[in-house]
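A.B. asks: Below you'll find the structure I mean.
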Amino acid sequence: MTDPDSNNFPRYVYKILSEEPPNPLPHTLSLTPLDRQDGFIHLSSDWRVPQTAGMYFGEFTTIWLLRVDTDVARAEKAQFKWGDPGCVHMYAEDKTKWARMGEGVVVGVRKVSRGLEEEWGQVLDGNEWK
């Protein structure tokens, strides 16, 4: 059964990592401890990335943004649900498995850095990071 809310998602959503992902990306990336704990993969819509980075990655001066293609993920049976405004939760259709994040589902990786005096909202405010 398909979640009707799953069709209302943007084509691309973003995963924020505090550590550089492997290059090249493997077929399946390891889960973050938070994703494993919460039972879904935490993602953000494009407009939410600056807020999410500021709230949860404020201690870091470099982050990596993984651009996730929701169409490819849905073709692999992933489901998406909205959390707080702009927060996206990705689940596997089969609740005994995890939705796959990795090469093919992730269609772009961008390293973003900020100065010690800058906030993530300043650095990520705009489209050049997408």
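The values are calculated or read from the model by the stated rules, or taken from the named source; none is laboratory data. Remember, it's a predicted structure, so these values are computed and weren't measured experimentally. Using ideal geometry, Cβ is built from the backbone for each residue, glycine included, and neighbour counts are taken over all protein chains shown.
A.B. asks: Starting from residues that are among the acidic types (Asp, Glu) and crowded, with 16+ Cβ neighbours inside 10 Å, keep the ones in the range 28-59 and report whichever is nearest to Tyr91 (Cα to Cα).
C.D. replies: Taking the candidates together, the pick is Asp35.
A.B. asks: Please give the number of the condition Thr70 fails out of (1) under 11 Å from Tyr12 (Cα atoms); (2) free of Cβ contacts under 8 Å to residues at least 40 places away in the same chain.
C.D. replies: (2)
A.B. asks: Identify, please: which residue in the range 1-24 is modelled with pLDDT of 95 or more and hydrophobic (A, V, I, L, M, F, W, C) and is, among those, farthest from Lys81 (Cα to Cα)?
C.D. replies: Only one residue fits best here, namely Leu17.
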